[in-house]
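Written below as structure tokens is the structure these notes are about.
The values are calculated or read from the model by the stated rules, or taken from the named source; none is laboratory data. All values reported here derive from a predicted model rather than from experimental measurement. Here the Cβ positions follow ideal geometry from the backbone for every residue, glycine too, while neighbour counts run over all protein chains shown.
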């Protein structure tokens, strides 16, 4: 395992927190500093999506399109046709929620390097309720040919991911969360598109997390280890293309796995892992996420507990899973 | 080559494009007839007079951009591009066939010279506005234009009006939209399916410069485009009134020909009508 330079405060109450969207805002501003081709478009949510950092630094390359998400991505597509690298941001419920077909036709079939930033994804949006808690974006974006799908685990990683997609010359989707969350990586922690990272080694079961859920997996692993259960935690920030080698090699070692995502389990991250595993190396798998239901209003922590997404719930699900499901060792 | 044809030669070119359209659709056994025939004069005007472009160098950075937003009318785009020299005329007969660069709806990544993938309606104007925004505010390309060809039926789409607001707000004078106002869509006449009038007033109220022309009169179309290029503080729209199925009398004005190709009998008759200008002249090909 190469050096990951993770935060030394993982599991401590005083671990610094910051919203993932802030990392996006910083990364976008930096991408704009680095490359004059980078432009940014927003649909009346400039501060919410943290695009104001870019807007203030590069006002001549910032475009306000108003509350019009179909126009947001198609104007971005036209700008990409002129050699620009457009970042288009809104809440994920509206982009890609409302403008999926425009993304399919004018970004993906056209193969233009438009970067869709979907903020306020997941139930951690909190009080706004089900309409604004986007849970189907991973499924929507993962199904599109040419599209790269990334759900960073914290704000520092979001900054790196934003800089990376500014350079990848491909249609890309980056999933962002609203609420402040633990910063468990550091500026030195590696990030590459298409790479998953084993954050913690173990041999009884693999927890595969994406987005905010990776930190909950790390906390769950700590709880379980005190009980003598050895848990491997794999962080999968890039959902497409999936790092098949890392996922399969961990599951080959532990013989069973659990995926954890703040999204519908149908078509999402867990589905991507299940598709891979069932075709290439059938291994017992459980998917934690939203179980074919919508979110509701509440505090993020309450909602995580209610939907089984916090560390305690993940630990409980893991205990139950390993009691009922023997490790499967490949011949 | 382009920009040098006389008005008579442009009329002949439009007629040739119409014959290509009939042959392509007959051969493909599927596709749309009425719209492409009605738009042939506009396309002859665009590719042989209005547009700055280079068929031998389709990616030339200084070219004007033409986006076909109503992608289902692409037989007229392909026929005109072939006649302008983008690819061999014989390739037109591969329309909608497996392995062809001439997909059922235009695809940018398949055929050089196609500016964008289209078919799903209402998406061309906003892409054109994005291009024009770059030309006007970021790269400063003062003498370059974005033409967006739209159907009237597709104006039902909300995306069109989002784009209209956007181009109006940013005074994108370098956008010139051309609406093929042929009054038909799949389910019937536009005013029965979803009324568009007062169309002129709608665009004006969004901050656009509006002209109405006879879209089957090539000189009128060329003049309107020149007028639009002289407007420097707002985007322009040309409402081009056309006859659907123009040039083939049994297709004209009939919405049922919107989405239907001619069979071989009908194609033969259509080609005879086009070659003889509906009996006014004799054709050596008869």
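Annotation: of all residues in the stretch A:94-139 being surrounded by 24 or more Cβ atoms within 10 Å (Cβ to Cβ) and on the phi > 0 side of the Ramachandran plot, the one that is nearest to the other protein chains (Cβ to nearest Cβ) is A:120. Reported count of residues in the stretch B:36-65, each being in contact with a helix residue (DSSP H, G or I) (Cβ under 6 Å, 6 or more places away or on another chain) and within 14 Å of another protein chain (Cβ to nearest Cβ), is 1. Screening the stretch A:1-93 for strands (runs of 3 or more DSSP E) wholly inside it with 1 or more residues that are more than 19 Å from residue A:121 (Cα to Cα), within 14 Å of another protein chain (Cβ to nearest Cβ) and in contact (Cβ under 8 Å) with a residue 12 or more places away in the chain returns the ranges A:38-42, A:62-64, A:85-91. When we screen B:107, B:115 for residues that are touching a strand residue (DSSP E or B) at 6+ places or on another chain (Cβ under 7 Å), within 14 Å of chain A (Cβ to nearest Cβ) and not in a helix (DSSP H, G or I), the only hit is B:115. Taking the listed residues A:201, A:244, A:232, A:192, the one that is out of contact with any strand residue (DSSP E or B) (no Cβ under 7 Å at 6 or more places or on another chain) and assigned by TED's automatic domain parsing to the domain that holds residue A:318 is A:244, with no other qualifying. Only one entry of A:3, A:47 meets the criterion of being under 21 Å from residue A:186 (Cβ atoms) and modelled with pLDDT under 95, and that entry is A:3. Restricting A:186, A:195 to residues that are assigned to a loop (DSSP other than H, G, I, E, B) and closer than 22 Å to residue A:12 by Cβ narrows the list to A:186.
Collect the residues in the stretch B:244-259 that are surrounded by fewer than 18 Cβ atoms within 10 Å (Cβ to Cβ) and either under 18 Å from the mean Cα position of the chain (by Cα) or more than 26 Å from residue B:183 (Cβ to Cβ) (or both), keeping them in residue-number order. If the condition is that a residue be surrounded by fewer than 18 Cβ atoms within 10 Å (Cβ to Cβ) and either under 18 Å from the mean Cα position of the chain (by Cα) or more than 26 Å from residue B:183 (Cβ to Cβ) (or both), then B:252, B:253, B:259 are the ones that fit. The residues of the stretch A:94-108 that are over 21 Å from the mean Cα position of the chain (by Cα) and touching a residue at least 12 places away in the same chain (Cβ under 8 Å), listed by number, are A:102, A:106. Among the residues of the stretch B:114-143, those that are surrounded by fewer than 24 Cβ atoms within 10 Å (Cβ to Cβ) and more than 25 Å from residue A:68 (Cα to Cα) comprise B:140, B:141, B:142, B:143.
The numbered conditions (1) surrounded by fewer than 20 Cβ atoms within 10 Å (Cβ to Cβ); (2) within 29 Å of residue B:258 (Cβ to Cβ); (3) free of Cβ contacts under 8 Å to residues at least 24 places away in the same chain are all true for residue B:189 except (3). Taking the stretch B:163-186 as the range and being over 14 Å from residue B:253 (Cα atoms), surrounded by fewer than 24 Cβ atoms within 10 Å (Cβ to Cβ) and within 21 Å of the chain's Cα centre (by Cα) as the test, only B:173 passes.
I'd like the full set of residues that are surrounded by 18 or more Cβ atoms within 10 Å (Cβ to Cβ) and not in a helix (DSSP H, G or I), limited to the stretch A:233-255. Within the stretch A:233-255, A:233, A:234, A:235, A:236, A:237, A:238, A:239, A:240, A:242, A:243, A:255 qualify. For the stretch A:115-147, the tally of residues that are farther than 20 Å from residue A:69 by Cα and in contact with a helix residue (DSSP H, G or I) (Cβ under 7 Å, 6 or more places away or on another chain) stands at 5.
In this structure, residue A:262 does satisfy being buried (at least 21 other Cβ atoms within 10 Å of the Cβ), outside any helix (DSSP H, G or I) and touching a helix residue (DSSP H, G or I) at 6+ places or on another chain (Cβ under 9 Å).
Within the stretch A:113-134, being farther than 27 Å from residue A:190 by Cα and assigned to a loop (DSSP other than H, G, I, E, B) holds for A:126, A:127, A:128, A:129, A:133. When residue A:136 is tested against (1) in contact (Cβ under 8 Å) with a residue 12 or more places away in the chain; (2) more than 14 Å from the chain's Cα centre (by Cα); (3) over 18 Å from residue A:22 (Cα atoms), just one condition goes unmet, and that condition is (2).
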